[in-house]
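The values are calculated or read from the model by the stated rules, or taken from the named source; none is laboratory data. What you are looking at is a predicted structure, and each value in this text was computed from that prediction instead of being measured. Neighbour counts run over all protein chains shown; Cβ positions are idealised from the backbone, glycine included. All accessible areas refer to the heavy atoms of the entire protein, side chains included, with ligands and DNA or RNA removed. Shrake-Rupley method; radii C 1.70, N 1.55, O 1.52, S 1.80 Å.
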Amino acid sequence: MAARRALITGITGQDGSYLAEFLLQQGYEVHGMVRRSSTENFERIEHLRDRVQLHQADLLDQLSLIQLLRQVRPHELYNLAAQSFVPTSWAQPLLTGEFTALGVTRLLEAVRLVDPEIRFFQASSSEMFGAVDEVPQNENTPFRPRSPYAVAKVYGHFITINYRESYGLFACSGISFNHESPRRGKEFVTRKVTDAVARIKLGLADHVRLGNLQARRDWGYAGDYVRAFWLMLQQDQPEDFVIATGVQHSVQELVEIAFDYVGLDWRRYVRVDPALFRPAEVNSLLGDASKAREKLGWEPTVSFEELIRMMVDADLQRYRGQSSPAS
Ligand code: NDP
Ligand code: GDR
């Protein structure tokens, strides 16, 4: 039987690289959409380069998306591409809206035009819950977004549902809580901390500046989350799911665990910088993934402590020049 074809937007990002690995293991023919840049940015998928097929297109360019779907004719389409860093969304709210909100409609329009049988996954976010109305948050919790990023994701979420309801597309939205890994971008707080811990431990830095240490998040491992994305597209009916661990920690606890692991007292190295506080903060997020557990049989496999230690180890190795290509 011919292999199923999957197309991933955002394949060069954290989740895209894990999803590509996972789908290859499942026997898929994996295609990735990349946008043109003056320098290739394929670090996270370098070890997969000979096993995935990359195509240039951009979420801003409708025709490029249509051509891409015509060329690849995927069975499954995972939309992971976005402007994904919350602080940047205040500096570039319009661009964030173009990528993260309207980009979803452009892709859905391309699906509708080229092949409405394509199964579509949208990477929605717990940031949509924002100033939360209830704890923990599930698929029925109302959205009170607190950043231009979160507002754009709410649009992406509802346009996905709307295309399912209007045109009968197999379109699903996965509402993921924060998920991290050694491949996380260095601007996000977990990786910023583990990278700093490694540099401080090795004498390459003497402090790290952070913002709000009291913020609380439900942090999981990216490798676990991409499995849930895939499971969502294997169901009989398209539905939306919260993907979360159900365990919450503060940024300060993250810092304590990371510094403790290398035998350092975090208080000596962490400086709180008011410039890193957000115009509107999401203070606390905690997910209830009961539906994913019951219907998808999905469980997270990596605890928060294991995740942070994995990330510190990978950053130490990287600075010692021993990193493996897939770390
Ligand atoms: P990353 O920031 O690591 O990756 C984003 C990807 O989107 C990159 O491959 C980037 O390409 C691509 N991209 C950005 N703009 C465009 C564009 N105009 N055209 C084509 N590609 C573009 O994100 P993550 O992997 O962490 O997250 C994946 C998705 O899941 C995102 O949509 C994010 O918002 C969402 N999400 C993530 C969560 C998390 O905790 N990680 C939680 C909830 C939702 P390039 O390499 O060229 O920059
Ligand atoms: P988030 O992740 O905004 O939740 O979005 P991030 O790691 O940036 O922030 C988490 C919390 O940590 C606080 N914080 C800091 N954050 C950063 N980046 N840098 C700091 O120095 C710092 N100090 C404290 C923040 O204020 C915040 O409360 C991530 C992204 O992956 C989104 O794309 C995704 O949708 C959500 O997770 C779920």
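Given charges of +1 on the Cβ of Lys and Arg and -1 on the Cβ of Asp and Glu, with all other atoms neutral, how large is the dipole of the chain about its Cα centre, in debye to the nearest 20?
I would put it at about 680 debye.
Over the range 266-313, give the accessible area per residue in Å² for a 1.4 Å probe, as an integer.
Accessible area per residue: 56 Å².
Starting from the Cα gyration tensor of the range 95-152, take the square roots of the eigenvalues, sort them a ≥ b ≥ c, and report rounded, prolate or oblate (rounded when a/c is under 1.5, otherwise prolate if a/b is larger than b/c, else oblate).
oblate
Kindly identify the range 1-125 as rounded, prolate or oblate by the Cα gyration tensor criterion: order the square roots of the eigenvalues as a ≥ b ≥ c, call it rounded if a/c is under 1.5, otherwise compare a/b with b/c, prolate if a/b is larger, else oblate.
Numbers: a/c = 1.76, a/b = 1.24, b/c = 1.42.
The shape class here is oblate.
Compute the whole-percent fraction of alpha carbon pairs in the range 102-246 spaced more than 24 Å apart.
Percentage above 24 Å: 41.
Compute the distance from the alpha-carbon center of the range 51-72 to that of the range 275-321, in whole Å.
30
Highest mean first, how do 95-105, 61-71 rank when packing is the count of other Cβ atoms within 10 Å averaged over residues?
95-105, 61-71
Over the range 207-250, with every protein chain in place, what whole percent of the accessible area is carbon and sulfur at 1.4 Å, could you tell me?
Looking at the range 207-250 in its full context, I get 43 percent from C and S.
Where Rh is the Kirkwood radius over the Cα pairs of the chain, the temperature 20 °C and the viscosity 1.002 mPa s, what D in µm²/s does Stokes-Einstein return?
In µm²/s, the coefficient rounds to 106.
Counting helices only, and only those DSSP H runs with n ≥ 4, report the 222 nm mean residue ellipticity of the chain as the sum of -39,500 (n - 2.57) divided by its residues, in deg cm²/dmol to the nearest 500.
-11000 deg cm²/dmol, from helical runs alone.
How much of the accessible area of the range 1-118, probe 1.4 Å, is carbon plus sulfur, in whole percent?
Details: 2600 of 5580 Å².
Carbon and sulfur together cover 47 percent of it.
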